[in-house]
Amino acid sequence: MTAAPADPAPSDEPPVVLRLADCSKTYPGSPPVHALRSADLTVRAGDYLTVVGPSGSGKSTLLNLLGLLDRPTAGTFTLAGVDVAGLPERERTALRGRRIGFVFQEFHLLPYRTARENVALAQLYVTGRAADRDRAATDALERVGLGHRLHALPTTLSGGERQRVAIARALVNEPDLLLCDEPTGNLDSATATTVMDLLGRLNAAGVTLVVITHDPAVAARARRRVTILDGRILAPDEHPGATAAGHPALGKAGAP
Ligand code: ADP
C-alpha cells in the first residue's frame, strides 16, 4: 500500500489556471433562483475537465462565471492568479480576450468571411498587424487540420469543419483555457467523434480544456469530471482510467 505524501511540494502540481472558491450565483426574483451554490473548483494547466449535469442544473451559469461573462453573487474567482470578481468590465473584457478561448454549440462564424478571416478577426485586440494576424490564423487552422481550407467560406464547409474553424479561432490567441459549451451539440455522432478526437489531441499537446455538456459520451472523454445538480457541484469524480481508455489522443496519435 502506498501512502500519499503528507505534504506534496507545491511545485509538483501544474500551475492553477482558475479557482472558484465558495462561489454562488443568485438571480433576483420572487423567489430568487440559487443557480450556483457555494461552488469550489480548481483547474490546473493541462487539465481536461468536463462539467456534466441535466438541463437547469446550473451549467450555463457556471460557464458564464468561468468565461467572465457574468459575476458571482458571492465568493471569489481567480483567473491566472488575478481575482476577477471585482474587476471593472473593461479589464474583464481584456482578460477574457487574452486568457479564454470559447467554443460554442453554434459555431458563430461570420458567413461572408473566409475561414482564415474568421480566425484572424479574433486577434484584433491582440495585434494591429494584419500580416501577423494572417500568419497566426493560418497556424491555428493548420493545428486543427484545415490548412487546406484557409480561403473557404463557412457555407462551403461541413458542420465538423465549421466547428474546427471555431476551435482554431478559440486557440489563436493562445489562451490559458479553452472553454467549450456543448461543442458537439450541432453535430451528428460521427462528426462529433472527430471533433472530440481533436479536442483530445489538443489537450495532449498541452491545451487546458473545460467542456460543459449534458452528454455523457462527451463527458466520458475527460480525465476529470464533475457533476452539477441543482446548482451544487458534487464531490469531484476523478477518472484516471479515462487517460488510457477514453483519451483519443493517447489511444491514437499519442501512442508511441
Ligand atoms: P443549465 O445550463 O444547466 O440548463 P442554467 O444555468 O441555465 O442551467 O440555469 C440554472 C437555474 O437558473 C435554472 O433554474 C434557470 O431557470 C435559472 N436561471 C438561469 N438564468 C437566469 C436568469 N437570467 N434569471 C433568472 N433565473 C435564471
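Here, each number is a calculation from the coordinates, and none is a lab measurement. This is a predicted model, so every value here is computed, not measured. Cβ coordinates were reconstructed from backbone atoms using ideal geometry, including for glycine residues, and neighbour counts include every protein chain displayed.
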- Message: Just to confirm the filter: which GluC sites (Glu not before Pro) across the range 42-131 are DSSP coil and have at most 13 other Cβ within 10 angstrom of their Cβ?
- Response: Glu106
- Task: Could you please report the charge total around Pro72, scoring K, R as +1 and D, E as -1 over all other residues with beta-carbon less than 10 angstrom from its beta-carbon?
- Result: 0
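Can you pull a Stokes-Einstein diffusion coefficient for the range 118-182 at 10 °C (1.306 mPa s), Rh from Kirkwood over Cα pairs, as a whole number of µm²/s?
Values: Rh = 12.0 Å.
Translational D for this selection: 133 µm²/s.
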- Query: Picking from Ala85, Ala222, Ala152, which is most flexible by a Gaussian network model of the chain using Cα springs under 10 Å?
  - Reply: Ala152
- Message: Counting only other residues whose beta carbon sits under 13 Å from that of Val172, what net charge do I get with K and R as +1, D and E as -1?
- Response: +1
- Signed unit charges on C-beta, dipole axis of the range 16-241, positive-most listed residue Leu229, Asn64, Pro32: Asn64
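If you put +1 on each Lys and Arg Cβ and -1 on each Asp and Glu Cβ, how big is the dipole of the range 72-175 around its Cα centre, in Debye rounded to 20?
Values: 15 positive and 11 negative charges, 28 e Å.
Result for the range 72-175 is approximately 140 debye, rounded to the nearest 20.
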- Message: Pairs of alpha-carbon atoms within less than 8 angstrom and 6+ residues apart define the contacts here; what relative contact order does the range 16-241 have, in percent?
- Response: 29 percent
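Using only alpha carbons, build the gyration tensor for the chain and give me the equivalent ellipsoid semi-axes, biggest first, whole Å. It would help to have the intermediate numbers written out before the result.
Values: eigenvalues 168, 105, 72 Å².
In descending order, the three semi-axes are 29, 23, 19 Å.
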